[in-house]
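Novice: One structure coming up, written as structure tokens, with questions to follow.
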Amino acid sequence: MNSAPLPAEFLQAWNEREPLAALATTAPNGEPNVIWVLCLHLTDEAQLVVADNAMSKTRANIEAGSPGSLVFLAQPRRAYQLKGPLSYHADGPVFEAMKHGWLDDSYPGRGAVLMEIGEIYAGADKVWQRDA
């Protein structure tokens with residue numbers, strides 16, 4: 001598997017996904033945390049950006065170094081999972097692209113969570129992995 005391009009099957013599923021997705025992080029003490037997210041953007045660089053509209057525990061976990069996992073459903077009810085390191089952006093290019101680019105003005109967009117996608121799964125099958 002290589003880091004480019006993302007598989008066509010995945011891109012089609014992404015474009016046809018159900019609106020809500022689940023983002024999971026882990027606290028430094030090992031406690032898991034999962035939240036629903038709605039405002040998502042996939043970049044051409046195999047990165048996922050999630051708008052922070054109200055994520056205090058998730059933000060703390062990210063700032064403590066937690067990697068993340070995001071799960072979404074596509075038709076016909078097939079689950080896809082993205083895994084990778086996360087970083088939080090309250091300003092700068094990632095934040096500005098979110099706030100003044102793709103985020104609907106009706107959402108607060110307090111910050112942007114950036115996932116460098118490392119792996120993609122369709123169900124239990126790994127369909128993509130970023131080269132080291």
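Each reported figure results from applying straightforward, stated rules to the coordinates on display, with no laboratory input. For clarity, every value in this text was computed on a predicted model and none was experimentally measured. FYI the Cβ positions are ideal-geometry reconstructions off the backbone, even for glycines, and counts take in every protein chain you see.
Novice: Rounding to the nearest 20 debye, state how big the charge dipole of the chain is about its Cα centre with +1 on each Lys and Arg Cβ and -1 on each Asp and Glu Cβ.
Specialist: 340 debye
Novice: Identify the GluC sites (Glu not before Pro) of the stretch 26-110 meeting these criteria: DSSP loop state and at most 13 other C-beta atoms within 10 Å of the C-beta.
Specialist: Filter output for the stretch 26-110: E45.
Novice: Here is a follow-up. Enumerate the amide H contacts of R130 below 5 Å, restricted to partners 5 or more residues apart or on another chain; note that Pro and chain-start residues carry no placed amide H.
Specialist: Residues meeting the criterion, in which the H sits 1.01 Å from N, are E119.
Novice: Run down the lysines and flag those whose C-alpha is under 26 Å from the C-alpha of K126, throwing out any fewer than 8 positions away in its chain.
Specialist: Once the sequence-local lysines are set aside, what remains near K126 is K83.
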